[in-house]
Amino acid sequence: MAKDTEPEAAPVVATPAEPQAPTTAPVATAAAPAKTGKAAPAADEPRRKKKPGVAPRRGKKLRSHLRNLEKKVDDAGTVPVKQAVTMLKQMKRAKFDETIEIHMNLGIDASQSDQMVRGTVGLPHGIGKSVRVIVFCQGANIEKAKAAGADFAGAADLVDKIVKESWTDFDVAITTQDLMPQVAKLGKVLGPRGLMPTPKAGTVIPANADVAAAVREFKAGKVEYRSDKTGQIHAGVGKMSFDEAKLVENIAMFVDAVRGAKPSGVKGNYINGIVLSATMSPGITVTM
């Protein structure tokens with residue numbers, strides 16, 4: 001009987017070796033951000049905003065300069081107008097041409113309508129500002145107004161432009177008396193901005209008056225003034241670049257006009273105080 005033979009072993013088939021993981025970490029393609037003194041805010045962290053109406057902190061040099069100016073004004077006390085103008089020019093620190101302003105404290109009862117002080121005054125040397133004037137008129141007055149320097153002149157078309165677009169890109173509005181019924185509908189738009197024509201302000205032209213003359217007066221520097229609810233009057237009377245003599249004349253003319261507009265019901269002192277200032281300077285109390 002033949003002996004049992006052992007089965008032949010199956011041939012071993014070599015399998016490809018699996019790729020081995022790299023022994024070192026991959027090289028970063030982008031450089032790591034440089035470290036700064038402040039940590040970057042988180043994406044969900046709200047950014048802190050500056051409070052509205054709060055001016056940035058003044059530098060040490062500016063604070064010291066302003067303290068010196070205030071001390072100079074306090075030491076001077078109440079001074080004549082000419083000296084006040086000289087002081088304002090010496091205190092100039094802004095690069096632009098500052099406006100010289102006058103502030104008057106009146107002894108009126110602002111709650112009484114008959115004690116309201118309002119009017120216009122033509123300053124002899126103007127205010128150094130380009131005034132945009134529109135005129136509500138019709139017929140031949142339109143060409144007269146434009147020839148005198150009015151920026152816009154018209155009737156119903158000008159009224160419609162203001163009503164539909166709430167357009168107030170002007171400084172003075174003048175109207176002839178015959179167009180006052182049409183202009184009256186603009187009270188809601190022009191009234192809150194102080195642009196509504198009124199006889200007291202000299203912006204309502206009577207039927208026989210010269211429209212061109214009124215336009216030239218306002219373009220040359222006719223100033224409108226009006227007391228506020230605290231009994232104060234504020235107005236610009238020139239620029240820092242004006243000669244001192246011209247500024248003094250403008251100020252004297254303005255004060256005389258306010259004196260002449262004294263209401264009959266005012267008792268006691270009418271003008272309690274006058275202060276002159278520039279756009280970037282403290283106020284100086286003056287005596288007339």
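Points worth noting:
- Dipole size of the stretch 130-220 about its Cα centre, with +1 on Lys/Arg Cβ and -1 on Asp/Glu Cβ: approximately 200 debye, rounded to the nearest 20.
- The Cβ shell under 9 Å around GLY149 holds other residues with a net charge of +2, Lys and Arg each +1, Asp and Glu each -1.
- Förster radius 30 Å - calculated FRET efficiency between ASP97 and ALA209 (Cβ-Cβ, nearest 0.05): 0.30
- C-alpha center-to-center spacing [the stretch 157-219, the stretch 66-134] in angstrom: 27 Å
- The residues packed around VAL266, meaning those with a beta-carbon under 12 Å from its beta-carbon, carry a net charge of +1 if Lys and Arg are +1 and Asp and Glu are -1.
- Placing unit charges on the Cβ atoms of the charged side chains and taking the dipole of the stretch 130-220 about its Cα centre, the candidate lying farthest along the positive direction among ALA156, ASN208, PHE170 is PHE170.
- A crude spin-label estimate for the pair GLN138 and THR86, with each label 7 Å from Cα along the Cβ direction, gives 5.8 nm.
- Restricting attention to the stretch 130-220, lysine pairs at least eight places apart or on different chains and with alpha-carbon atoms under 25 angstrom apart total 17.
Read-outs: derived from the displayed coordinates by stated rules, not from any lab. Please read all numbers here as calculations on a predicted model, not as lab measurements. For neighbour counting, all protein chains shown are included, and Cβ atoms are generated from backbone atoms with ideal geometry for every residue, glycine included.
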